[in-house]
1. In the range 66-105, what residues are closer than 19 Å to Cys143 by Cβ, aliphatic (A, V, I, L, M) and buried (at least 18 other Cβ atoms within 10 Å of the Cβ)?
2. I need the full set of residues from the range 132-163 which are at pLDDT below 85 and open to solvent by 80 Å² or more (accessible area, probe 1.4 Å), in order please.
3. Hey, Ile4 hits all of (1) open to solvent by 90 Å² or more (accessible area, probe 1.4 Å); (2) of a type outside the set (Ser, Thr, Tyr); (3) closer than 18 Å to Thr91 by Cα but one; which does it fall short on?
4. Checking Ile85 against (1) β-branched (Val, Ile, Thr); (2) farther than 30 Å from Gln158 by Cβ; (3) more than 14 Å from the chain's Cα centre (by Cα), which test does it fail?
5. Among the residues of the range 24-45, count how many are open to solvent by 90 Å² or more (accessible area, probe 1.4 Å) and in a loop (DSSP other than H, G, I, E, B).
6. Name the residue that is nearest to the chain's Cα centre (by Cα), counting only residues in the range 31-50 that are closer than 23 Å to Ala9 by Cα and of a type in the set (A, V, I, L, M, F, W, C).
7. Before we move on, is Ala48 touching a Ser or Thr at 6+ places or on another chain (Cβ under 9 Å) and either touching a residue at least 40 places away in the same chain (Cβ under 8 Å) or part of a helix (DSSP H, G or I) (or both)?
8. Give all pairs with beta carbons closer than 6 Å in which a residue from the range 15-34 that is small (Gly, Ala, Ser) meets a residue that is open to solvent by 20 Å² or more (accessible area, probe 1.4 Å); count only pairs at least 6 apart in sequence or on separate chains.
Amino acid sequence: MSVIHAMGAQWDKAEWSHQLVAFWQQDTYVNSLFAGATNATTTANLVAALIDPSRRIACEQAKFDTPAVFSALFDCFLLLFVKEINSNNLTQAEALIIQITEHYAKQCLKQADELAAKSHPDNDALQNNQQAQGTDTRLAVICHQSQKVISAMDQLAQLRQQRRSQSRNMGS
């Protein structure tokens, strides 16, 4: 029976991964990243393997909107960020996940800014207020995660530059 459950879990990951690839194909920037040796399917399969099943379910329930996909990628980002800091040895698919996460972090912040510009205090009906609070909470979490990703990417860029400088000076 456990073999059947394991096969079912792998099937669910593969199906989710396929949906993630379809989502990525709608974004020209993300689509352009897969011109190299690693394709979107390989990268999406890695994301599906790294994230918690609850993240996959959340993406499906949100119909793969940008905040839900970013939230799933955020978990991968944390793991891969630590891996790069410790070992400086990411595969191409792992490096792509980091780059895609940064892209979606910037998109989420941009969407939050646009939403904040559109919202007016005059439009607060009691019924919409409760729904807006739930959305605001989710938006606040996504914005916080987005800012963390952008800050971490700045630190990572500095670390990469420092490592390149050190490796050039090793032969001198």
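The values are calculated or read from the model by the stated rules, or taken from the named source; none is laboratory data. Everything numeric here is computed off the predicted structure, so don't read it as measured data. Counting neighbours? That spans all protein chains shown, and the Cβs are built from the backbone with ideal geometry, glycine included. In case anyone asks, the SASA skips ligands and DNA or RNA and just uses the protein heavy atoms, side chains included. Shrake-Rupley method; radii C 1.70, N 1.55, O 1.52, S 1.80 Å.
1. Once the filter is applied, which keeps residues that are closer than 19 Å to Cys143 by Cβ, aliphatic (A, V, I, L, M) and buried (at least 18 other Cβ atoms within 10 Å of the Cβ), the range 66-105 yields Ala68, Val69, Ala72, Leu73, Ile100, Ala105.
2. Gln133, Asp136, Thr137, Arg138
3. It fails just one condition, (3).
4. Here Ile85 clears every test but (2).
5. Count: 3.
6. By that ranking, first place goes to Val47.
7. Considered against the rule, which asks whether it is touching a Ser or Thr at 6+ places or on another chain (Cβ under 9 Å) and either touching a residue at least 40 places away in the same chain (Cβ under 8 Å) or part of a helix (DSSP H, G or I) (or both), Ala48 comes out as yes.
8. Partner pairs satisfying both residue conditions: Ser17/Asn45.
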